[in-house]
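Read through the structure below, which is laid out as structure tokens, and then see the notes.
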Amino acid sequence: MKTIHAVYEQGVFRPQETVHLTERTGVEFEPRPVQTSADYAEKVEAVRTAMKDELFLQDLNEVSASFSGVDAAGWATEL
């Protein structure tokens, strides 16, 4: 079965291409958001901004320290 790309607007999924189905045919699908390059660039810029924020960096260091005693499987290595 072919993947159909659609846009969700005002409560309706609108296909971005012609769909070859009989009118009123029921379909089943699992919506999966598609990341655009603009979304990616926005996220990269947000990370760059955060890296200049001292409070963010302090919080990040605290969280990292909290997980220093956990191995890759998630088990505490220090008791």
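Before moving on, here are some points about what is shown:
- The C-alpha atoms of the chain define a longest principal axis, and helix 54-66 lies at about 80 degrees to it.
- In a simple Cβ point-charge model (Lys, Arg +1; Asp, Glu -1; nothing else charged), the stretch 1-43 has a dipole of about 60 debye relative to its Cα centre.
- The Rg/Rh ratio for the chain is 1.24, where Rg is the radius of gyration of the alpha carbons and Rh is the Kirkwood radius.
- Projecting the Cα atoms of Thr36, Gly69, Phe56 onto the charge dipole of the chain (Cβ charges, centred on the Cα centre) puts Thr36 farthest toward the positive pole.
- Computed from backbone phi, the HN-Hα couplings of the stretch 6-11 come to 9, 10, 8, 9, 6, x Hz, rounded to whole numbers (Karplus: 6.51 cos²θ - 1.76 cosθ + 1.60, θ = phi - 60°; Gly and Pro given as x).
- Only helices enter the 222 nm calculation for the chain: every DSSP H run of n ≥ 4 contributes -39,500 (n - 2.57), and dividing by all residues gives -11000 deg cm²/dmol, rounded to 500.
- Distance between the modelled labels on Val12 and Arg24, one decimal in nanometres: 1.7 nm (7 Å Cα→Cβ projection).
- Sorted peptide list for 10-20, 24-34, 51-61, criterion being average Cβ within 10 angstrom, highest first: 51-61, 10-20, 24-34
- FRET efficiency, Val34 to Leu55 (Cβ-Cβ, R0 22 Å, nearest 0.05): 0.10
- Across the chain, Cα pairs under 8 Å and at least six residues apart give a relative contact order of 11 percent.
- Computed magnitude of the charge dipole of the chain (debye, nearest 20; Cβ of K, R +1, Cβ of D, E -1): 420
- Helix 37-50 and the longest principal axis of the Cα set of the chain meet at an angle near 20°.
Each reported figure results from applying straightforward, stated rules to the coordinates on display, with no laboratory input. None of the values given here were measured: they were computed from a predicted structure. Methodologically, a virtual Cβ is constructed for each residue, glycine included, from the backbone with ideal geometry; neighbour enumeration extends over all protein chains shown.
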